[in-house]
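A short write-up of the structure that comes next.
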Amino acid sequence: MDKLRYVTEPLAITHHPASAVQGMRTELIDVHKDARAELLDQPFYSAERFWERFENYITAPDFQLVVGRIENLIVGYTFGSPLPADTKWWQHLQGSDDPDLTRETGHRTFAFREILVRKQFQRRGIAHRLHDALLQGRTEERAALLVRSDNPAGELYRRWGWCQIGFLQPYPDSPRFEAMIIDLHSRFSTAKD
């Protein structure tokens, strides 16, 4: 068997604003529970806490949700929004003393909040396609994400161009995450030939 299988079924990728999220609530939570089944016993990853955070994220201006469907089943999704100038995202960043790194303008950094793919559809290139669909065409200079150090996705992010800049623990009950950024202008250049 190949180490990496790509989707052979047609993957329909759609973009949705915050107003569409509540109508997909059950399906989105189902994907979360499937993708993170081994973590659901931890309060931070419970479906209730996940949805609480999600409802907070959709209040951000320019929130964007990208959904991947195969035969009308949501197999994965990703979402995010720009960080506001007064964000607390970088509060308590460990491992970097560069003050410019944490400077925000409201248009500098896109927060890549989550990417989830149902287990039976993982290792088929779906996450990468969703990742690119969310970040392609963004006008921000860079994107930022947080990933658990023990999550194999961290290696994927590195291969996709992300680099670690430090560590963050955004909530008292959350893990300590690796903080990563990617330069959107060089990775997703929209220059024409």
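The values are calculated or read from the model by the stated rules, or taken from the named source; none is laboratory data. Computed from a predicted structure; not experimentally measured. So basically every Cβ, Gly included, is an ideal-geometry build from the backbone, and we count neighbours across all protein chains shown.
What do you reckon, is THR59 touching a residue at least 12 places away in the same chain (Cβ under 8 Å), touching a strand residue (DSSP E or B) at 6+ places or on another chain (Cβ under 8 Å) and outside any helix (DSSP H, G or I)? It is false that THR59 is touching a residue at least 12 places away in the same chain (Cβ under 8 Å), touching a strand residue (DSSP E or B) at 6+ places or on another chain (Cβ under 8 Å) and outside any helix (DSSP H, G or I). Within the range 102-116, restricting attention to residues that are among the charged types (D, E, K, R) and buried (at least 16 other Cβ atoms within 10 Å of the Cβ), the residue that is nearest to GLY76 (Cα to Cα) is GLU114.
Of the residues making up the range 184-193, none is farther than 13 Å from THR109 by Cβ and crowded, with 17+ Cβ neighbours inside 10 Å. Scanning the range 140-168 for residues that are polar (S, T, N, Q), modelled with pLDDT under 95 and touching a strand residue (DSSP E or B) at 6+ places or on another chain (Cβ under 8 Å) yields one hit, SER149. Reported count of residues in the range 117-128, each being surrounded by 18 or more Cβ atoms within 10 Å (Cβ to Cβ) and charged (D, E, K, R), is 2.
Filtering the range 19-56 to residues that are over 28 Å from GLY106 (Cα atoms), among the acidic types (Asp, Glu) and outside any loop (DSSP other than H, G, I, E, B) leaves GLU27, ASP30, ASP34, GLU38, GLU48.
Could you tell me whether the range 12-26 includes any residue that is in contact with a helix residue (DSSP H, G or I) (Cβ under 6 Å, 6 or more places away or on another chain), at pLDDT 95 or above and surrounded by 12 or more Cβ atoms within 10 Å (Cβ to Cβ)? Yes: one or more hits.
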